[in-house]
Amino acid sequence: MVMKPDRREFLKAAAAGVAGVTLRAAGLGLPGAGARAYAADAPLAVTHLADNLILVSGAGGNVVGFKGPEGVLLVDGGDAAHSAALLRTVEQTLGGPVTTAFNTHWHWSHTGSNEALRRAGVKLIAHENTRLWLTEPVFEQWENRTYPARPKALPTQTFYKGLQKLPFGGTTVEYDLMPQAHTDGDIYVYFRDANVLVAGGVVSVGRYPIPDSCTGGWTGGLVKATQQLLGVVNDQTRIIPGTGPVQTRADLAAEQAMLATLHEDLWQLMRKGMGPDDMIAAAPTRKYDAQWGNPDLFITTAYRGLYGHVREMRGVV
């Protein structure tokens with residue numbers, strides 16, 4: 001469902017209600033500083049997933065390119081700092097210009113090539129909520145940063161919900177909306193013939209996923225989104241996360257189980273009157289921290305998402 005203006009105002013109010021929260025892990029932010037640090041540390045690397053299907057890493061976010069007679073189809077576009085190098089690498093490796101591209105969500109670490117792609121006349125596909133977030137300034141409280149509107153980066157084609165199918169390269173590329181999860185505009189893109197699924201920021205590797213409550217994400221949605229993906233993939237599927245190495249269905253199932261447990265555990269702590277700093281002190285994530293790292297940012301953003309969905313959690317709506 002598209003985020004209505006009153007819903008956006010509710011999210012802002014919910015964030016304001018926890019303005020005093022301590023962010024101990026602000027450097028892990030995906031749209032901005034943390035993503036740029038990741039990109040700066042890693043040169044672009046190309047992995048061949050199948051004939052005419054590649055993964056490019058090190059550009060701020062994972063990027064997948066697919067070559068067909070119509071040109072190159074791109075899933076995500078890294079950050080702006082690496083856009084020129086990324087597009088050059090994709091076109092040189094696959095031997096053709098980009099003609100179609102997807103945004104899996106609005107974060108700048110994945111939409112950094114949008115301006116260049118639009119100037120080149122590329123068809124740019126995303127969920128309608130991704131377009132909406134790019135039309136206006138977005139204050140990300142957990143980064144203490146406002147992202148300005150990007151009117152020259154808007155997708156040229158959007159959809160609302162329901163499985164979509166795009167004929168390309170002699171095959172059909174499938175894509176669909178996931179529930180409010182990492183953001184409220186997350187989509188997956190599935191190359192069924194190659195059995196490769198691009199999951200964007202919903203799938204995380206080596207650090208807790210971020211329910212970006214400032215733009216509609218929350219743990220309840222992450223639980224549902226990862227469950228939805230489990231219904232799409234099989235044991236042979238290669239799953240492309242927002243950043244990091246290729247994952248398996250078993251990896252995805254482990255993330256889904258972790259999220260389902262912590263979603264409920266954090267809700268129970270909230271019901272006891274705990275705020276995010278209290279939750280961090282209670283260490284509900286301790287058994288997962290060895291795999292997922294510092295939990296502070298996850299707990300803080302999860303709290304904000306739960307705060308925004310408290311009526312739903314109480315069964316009122």
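The values are calculated or read from the model by the stated rules, or taken from the named source; none is laboratory data. Keep in mind it's a predicted model, so treat the numbers as computed, not measured. Note that we place each Cβ from the backbone using ideal geometry, even for glycine, and neighbour counts take in every protein chain shown.
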Original post:
Of the numbered conditions (1) more than 21 Å from residue 78 (Cβ to Cβ); (2) touching a residue at least 40 places away in the same chain (Cβ under 8 Å), residue 164 satisfies every one except a single condition; which is it?
Top reply: (2)
**OP:** Could you look through the stretch 75-92, keep only residues that are within 22 Å of the chain's Cα centre (by Cα) and of a type in the set (D, E, K, R), and pick out the one that is surrounded by the fewest Cβ atoms within 10 Å (Cβ to Cβ)?
**Re:** 79
Subject >> Answer residue from the stretch 173-228, given it is among the hydrophobic types (A, V, I, L, M, F, W, C) and in a loop (DSSP other than H, G, I, E, B) and is farthest from residue 68 (Cα to Cα) among those >> reply: 218
Original post:
Which ones in the stretch 293-309 are outside any loop (DSSP other than H, G, I, E, B) and either free of Cβ contacts under 8 Å to residues at least 40 places away in the same chain or within 13 Å of residue 222 (Cβ to Cβ) (or both)?
Top reply: 298, 299, 301, 302, 305, 306
Subject >> In the stretch 90-146, the residues that are assigned to a helix (DSSP H, G or I), in contact (Cβ under 8 Å) with a residue 60 or more places away in the chain and in contact with a His (Cβ under 9 Å, 6 or more places away or on another chain) >> reply: 129, 133
Original post:
Can you find a residue in the stretch 204-212 that is touching a strand residue (DSSP E or B) at 6+ places or on another chain (Cβ under 7 Å), aromatic (Phe, Trp, Tyr) and either at pLDDT 95 or above or farther than 27 Å from residue 85 by Cα (or both)?
Top reply: no
Original post:
Does the stretch 50-89 hold any residues that are over 21 Å from residue 150 (Cβ atoms) and part of a helix (DSSP H, G or I), and which are they?
Top reply: 88, 89
**OP:** Read through the list (1) in contact with a Gly (Cβ under 8 Å, 6 or more places away or on another chain); (2) over 24 Å from residue 132 (Cβ atoms); (3) of a type outside the set (A, V, I, L, M, F, W, C), then give the number of the only condition that residue 188 fails.
**Re:** (2)
**OP:** State whether one or more residues within the stretch 206-217 are more than 14 Å from residue 182 (Cα to Cα) and either surrounded by 20 or more Cβ atoms within 10 Å (Cβ to Cβ) or in contact (Cβ under 8 Å) with a residue 12 or more places away in the chain (or both).
**Re:** yes
